[in-house]
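Q: Quick one: the structure is below, and I'll ask about it shortly.
Taken together, the values in this text are just the output of simple stated rules run on the coordinates, not laboratory data. A quick note: this is a predicted structure, and the numbers were derived from the prediction, not measured. Note: ideal-geometry Cβ built from the backbone for every residue, glycine included; neighbour counts use all protein chains shown.
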Amino acid sequence: MPIDQSLVGRSFPPTRPYAVSREKIQQFVTATGGEYDDGPAPATFPIVVAFQAMNDFLEAEQVDLFRIVHGEQRFSYRRAIEPGDVLRATLTVASLRQIGGADIVGTSSLITDESGAEVCTGTATIVHRGES
Amino acid sequence: MDVELEPRTFRVTRQDLVAYAAASGDHNPIHQDDDVARSVGLPGVVAHGMYTMALAARYVEEWVGGTGRVAALGAKFTKPVPVPLDGAAVEIAGVCRQQGDERVVTLTVTCNGEQVLGRFKATLRA
């Protein structure tokens, strides 16, 4: 089933607060083969929060995760993410088009800290392949 | 002036993908289960696109000497990275260019000779 066109421009509720800890960064760094030096989080770490927003969006729209492929991802950072940050992501559907039975969904996730200030923004293009 | 980054090869195993699923929260079964991956037209288990991007970001951050120095980062996922039972190799090479006040790193990221990330670009803080 194609994704509803009226979603464009809609923002979803913010994700529940995510507390960044040394342990969480360490787990991420180790999984990607690196060694954690107790510094800021690696550049792609905010995907943890952005992915939660994406999951909430897919659940709300009853889209199966296994039919999703990631097409493009960008991040722009206002500042580095440090242990002790408490982050939330708010996803907005930026664009939606259908090509050859697939939905191409553009999203933007604003990631904020406890004060509500922007930490970074992640923009993603995801491809949803419907049931054939 | 352009500075070439020394090429590196990164091994990716299925255990890495299990660890990455736990660390990132992305439990899409196409990264764990051959049958599910094939059911959506993939050759078998593939790496998370963000796993490959994490390797690319690590390559840049290790070269620049630490995390917290990237102002912007992005790429297209042009081809999946198949991860068979004996693992895969992702090869990364890059160039750093001064553009005004910024340093911009562009990478070539391949697996089995195919480009898996397109237009990878990291902008470093001044």
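Q: Which residues among the stretch B:1-36 fall inside the zone where the amide N is under 15 Å from a point 7 Å beyond the Cα of B:R97, along Cα→Cβ?
A: B:1-5
Q: Calculate the dipole size of the stretch B:3-124 relative to its Cα centre from +1 charges on Lys and Arg beta carbons and -1 charges on Asp and Glu beta carbons; express the result in debye to the nearest 20.
A: Dipole size: approximately 280 debye.
Q: Now for a different question. From the phi of every residue in the stretch A:73-79, what ³J(HN,Hα) in whole Hz does the Karplus formula 6.51 cos²θ - 1.76 cosθ + 1.60 yield, where θ is phi - 60° and glycine or proline is x?
A: 9, 9, 10, 10, 10, 7, 7
Q: To the nearest 20 Debye, how big is the dipole of the stretch B:52-126 about its Cα centre, given +1 on the beta carbon of each Lys and Arg and -1 on that of each Asp and Glu?
A: 280
Q: I would also like to ask the following. Taking the Cβ of B:D86 as the centre, find all other residues whose Cβ is under 11 Å away and add up their charges (Lys, Arg: +1; Asp, Glu: -1).
A: So the surrounding residues net to +2.
Q: Using only alpha carbon positions, build the gyration tensor of the stretch A:7-129, then give the equivalent ellipsoid semi-axes as the square roots of 5 times its eigenvalues, largest first, whole angstrom.
A: 27, 16, 12
Q: What is the set of long-range amide H partners of A:E72 at a cut-off below 5 Å, with H atoms built 1.01 Å from backbone N?
A: Amide H to amide H, under 5 Å and 5 or more residues apart or across chains, A:E72 pairs with A:T125, B:F77.
Q: On alpha carbon coordinates alone, what is the Rg over Rh value for the protein assembly as shown, Rh being the Kirkwood radius?
A: 0.94
Q: Using a simple charge model, +1 on the beta-carbon of Lys and Arg, -1 on the beta-carbon of Asp and Glu, nothing else, what dipole does the protein assembly as shown show about its Cα centre, in debye to the nearest 20?
A: Result for the protein assembly as shown is approximately 500 debye, rounded to the nearest 20.
Q: Counting Lys and Arg as +1 and Asp and Glu as -1, what is the net charge of the other residues whose Cβ lies under 12 Å from the Cβ of B:E102?
A: Neighbourhood net charge equals +4.
Q: To continue, here is another question. What is the angle, in °, between the Cα long axis of helix A:47-60 and the longest principal axis of the Cα atoms in chain A? Nearest 10 is fine, range 0 to 90.
A: 30
Q: Grab the other residues whose beta carbon is less than 12 angstrom from that of A:V20, score K and R as +1, D and E as -1, and report the net.
A: Summing Lys/Arg as +1 and Asp/Glu as -1 gives -2.
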